[in-house]
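Asker: Before I ask anything, here is the structure I am working with.
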Amino acid sequence: MRRYLPFFVLCLIFFCLPLQIFVIGNNLGIGIQGAVYRFQVTEYVNYFFPITREILFVMNGTLTGKTALSISLWAAATALLACTIVFAFIHVNDTTTRYYRQIVQGLFFSCVIYLGSLIIQYGFLFSGPAGISIPLGILLILVWTAVIWYYKNTFGTFLNFFNVRF
């Protein structure tokens, strides 16, 4: 049963984990953004944006420039993360080092693309005229990636260390 743990964690990352917390420029609002959603609170309105709506804003020309490029990179990273999750599900019975290496590569490169998206939108230090971004969820994915990579040969031993029994 423990072979499902990487897949389960990937699904949690994809659907639930907020990848960044942001403050809109000049403290106009705050929000969280996951792989497939963005929720922001301003003094005027609270709004939930699925990623499909943001892609439509880019395609319609409502959003242009750095914001459009940032959303495009975010969508590309989400697509890569989705492909990694599908790969993990298809090969869930495979416990070879190659399987874990491919999951680690998918997670790592999706994190790099997510961080690139944030750098384009907020600046190199995640702070600029557009606001402030705190990429806590992306850092958690990188930690999970390091755990998978470090324990790729003995993932069962890692789970036993934390008394995870299935």
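Asker: Looking at segment 82-107, I want the residues that are under 23 Å from Tyr37 (Cβ atoms) and free of Cβ contacts under 8 Å to residues at least 40 places away in the same chain and have a partner that is surrounded by 15 or more Cβ atoms within 10 Å (Cβ to Cβ) and among the hydroxyl-bearing types (Ser, Thr, Tyr) with Cβ atoms under 6 Å, at least 6 apart or on another chain. Which pairs are those?
Answerer: Gly106/Thr84
Asker: Among the residues of segment 45-62, is there at least one that is surrounded by 12 or more Cβ atoms within 10 Å (Cβ to Cβ), hydroxyl-bearing (Ser, Thr, Tyr) and in contact (Cβ under 8 Å) with a residue 12 or more places away in the chain?
Answerer: Scanning segment 45-62 turns up no residue that is surrounded by 12 or more Cβ atoms within 10 Å (Cβ to Cβ), hydroxyl-bearing (Ser, Thr, Tyr) and in contact (Cβ under 8 Å) with a residue 12 or more places away in the chain.
Asker: Scan (1) within 16 Å of Leu107 (Cβ to Cβ); (2) surrounded by 13 or more Cβ atoms within 10 Å (Cβ to Cβ); (3) without any contact (Cβ under 8 Å) to a residue 24 or more places away in the chain; (4) not aromatic (Phe, Trp, Tyr) for the single condition Gly31 breaks and write down its number.
Answerer: If we test Gly31 against (1) within 16 Å of Leu107 (Cβ to Cβ); (2) surrounded by 13 or more Cβ atoms within 10 Å (Cβ to Cβ); (3) without any contact (Cβ under 8 Å) to a residue 24 or more places away in the chain; (4) not aromatic (Phe, Trp, Tyr), just (1) comes out false.
Asker: While we're here: So which of Val92, Val104 is touching a Lys or Arg at 6+ places or on another chain (Cβ under 9 Å), in a helix (DSSP H, G or I) and of a type in the set (A, V, I, L, M)?
Answerer: Val104
No lab work stands behind these numbers, since they all come straight from the coordinates. Since we're looking at a predicted model, the values are computed, not measured. Backbone-built Cβ (ideal geometry, glycine too); neighbour counts: all protein chains shown.
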